[in-house]
Amino acid sequence: MIKAKDVRFHVPADMKYDWAETAFFSIYLPEPNITAWTYLVARKGIGAIVCDIEVINKIGRNSLEALYFDFQQHLPVPERFEEFTLPNGLSVKTMNEPRDYQVDYVGVDDTEFHWTVTGLMEPFDIHDPTMDPLASHDPNASGFGSAYANHFDMTAHVAGTAKIRGKTYEVDCVTTMDHSWGPRNERGLRPMGWINGNFGKDLAFQTIWSFDPMASGWEQFKLAHGYVLIDGEVRGLTSGRIRAARRGPFPSGYDAVLFDKAGREYCFPGHTVAQHPWRCYSNSLAVFTTMRWSYQGREGFGLAQENWPLDMLTGRGLA
C-alpha cells in the first residue's frame, strides 16, 4: 500500500550512486494532437536530478521534430521531493498525499504549464497483492527489474493550462502518472512496455509488460501488472496479451486484450497518432507513442512507452 509519506524521498542507509526516485506527469490535447510531459529522475546519492520536459504533436523519428524540448540532466537535487522548485523553472507540490499534485513550469520561448493533477483512485502498488493479483516480491517479475523495486501507477485528472510557444491551451484530460524508487543503473535496464488508455473519469486502463524485442506478434509482450478503472472501481488484471504492428522499434498500433480477477475481458484496439524517440536514459531508446484507442464505440487516448536498452540490443541486427 502506498502511503502519504511515499511522496517524500526514500533514502536508504546503504544508498548507492544509482539509487533513483522518479516521477512522470503528462497531458494530452486531442484537437491540436499535443502530448506534453515532465519526467524526473532524482539521484540523491550523487546530488543530481534529471528533468525532461517535452512536447510533441506528430509522428516523428528524431528529436528535431519535437514541438518543444527542455531536457537537463544535471540539475541540483532538491532537499524535498514533496515540494520543490528547480533552476529550469519546474515546481512540484504534493497535496492530499499521495494522490494530488500541483505541477508548474515556466520555461523558454514563451512556454509554461500550470497543471492540477487529481488522483481518481488510490495509487496502484504493483507489489501489494490486495491491489494487484500479479504482485510479487521478485524484482524479475516487475516488468522492469529492480528499477521497479517500488512503483505505483495512478489514473488522474489534469486541469489547468499549457502555453506552448506563445499559444495557450486549456487542459482538461485524464492521464496516468507514476512514481518509482529503487536501484536504477543505466546499464542493464530491462526491455519493457508501459501502456495505458484513458476514455474519461469513468474508464481507463494501465499496463506494464515484460518485452522480448527478438520475438514477434503476441509473443513479444507478457503482462506483468495492470488494472482497469471503471466507475471508480479498480479491477486488477490477472492476464492479458498485446500485439504491436511495427516497423523496427516504432509501433503503428496495438491490439490489447486484458482479463481482470473476475474473468471479465476487455479489448482495446488502437493506433499511433504521435511518436518520439525518447532518450530518457543515455543507454536506452525509449519509443514514446501517443495512442488513440477504441472501446465499445468510445474513443480514448493514452501513452505507450517501450524501452529498448541499447547495451543489450545493439549488434543484434534489429535495425
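The values are calculated or read from the model by the stated rules, or taken from the named source; none is laboratory data. Note that this is a predicted model, so its numbers are computed, not measured. Ideal geometry is used to build each Cβ from the backbone, glycine not excepted, and the neighbour counts take in all protein chains shown.
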- Which ones in the stretch 109-143 are crowded, with 16+ Cβ neighbours inside 10 Å, hydroxyl-bearing (Ser, Thr, Tyr) and at pLDDT below 95? SER142
- Message: Looking at the structure I just gave you, is THR155 modelled with pLDDT of 95 or more, assigned to a strand (DSSP E or B) and surrounded by fewer than 21 Cβ atoms within 10 Å (Cβ to Cβ)?
- Response: no
- Task: Name the residue, out of GLY60, GLY45, GLY89, GLY107, that is in contact with a Lys or Arg (Cβ under 9 Å, 6 or more places away or on another chain) and not charged (D, E, K, R).
- Result: GLY45
- Message: Tell me the residue from PHE124, PHE84, PHE69, PHE113 that is in contact with a helix residue (DSSP H, G or I) (Cβ under 7 Å, 6 or more places away or on another chain), of a type in the set (Phe, Trp, Tyr) and within 21 Å of ILE27 (Cβ to Cβ), please.
- Response: PHE69
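Mind checking which residues of the stretch 198-248 are among the basic types (Lys, Arg) and not in a loop (DSSP other than H, G, I, E, B)?
Listed by number, the residues that qualify are LYS222, ARG235, ARG241, ARG243, ARG246, ARG247.
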- Message: Please count how many residues of the stretch 178-190 are surrounded by fewer than 21 Cβ atoms within 10 Å (Cβ to Cβ) and closer than 16 Å to SER26 by Cβ.
- Response: 0
- Across the stretch 283-319, which residue is surrounded by the fewest Cβ atoms within 10 Å (Cβ to Cβ) among those that are hydroxyl-bearing (Ser, Thr, Tyr) and touching a Pro at 6+ places or on another chain (Cβ under 8 Å)? SER294
- May I ask you to verify whether VAL50 is part of a strand (DSSP E or B), touching a residue at least 24 places away in the same chain (Cβ under 8 Å) and more than 27 Å from HIS10 (Cα to Cα)? no
- Message: For the stretch 212-271, which positions are more than 16 Å from GLU306 (Cβ to Cβ), in contact with a strand residue (DSSP E or B) (Cβ under 7 Å, 6 or more places away or on another chain) and without any contact (Cβ under 8 Å) to a residue 12 or more places away in the chain?
- Response: GLU265
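So, in the stretch 84-131, how many residues would count as being closer than 22 Å to LYS201 by Cβ, of a type in the set (D, E, K, R) and within 19 Å of the chain's Cα centre (by Cα)?
Taking the stretch 84-131 as the starting set, the residues that turn out to be closer than 22 Å to LYS201 by Cβ are 94-103, 113-125, 131.
Narrowing the set further to residues that are of a type in the set (D, E, K, R) leaves 97, 99-100, 122, 125.
Checking which are within 19 Å of the chain's Cα centre (by Cα) leaves us with 99-100, 122, 125.
Counting residues in the stretch 84-131 that are closer than 22 Å to LYS201 by Cβ, of a type in the set (D, E, K, R) and within 19 Å of the chain's Cα centre (by Cα) gives 4.
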- What tally of residues in the stretch 104-127 results from selecting those that are part of a loop (DSSP other than H, G, I, E, B) and either over 15 Å from MET177 (Cα atoms) or among the hydrophobic types (A, V, I, L, M, F, W, C) (or both)? 9
- Query: Pick from the stretch 23-36 the residues that are surrounded by fewer than 21 Cβ atoms within 10 Å (Cβ to Cβ) and within 19 Å of the chain's Cα centre (by Cα): which of them is nearest to MET154 (Cα to Cα)?
  - Reply: ALA23
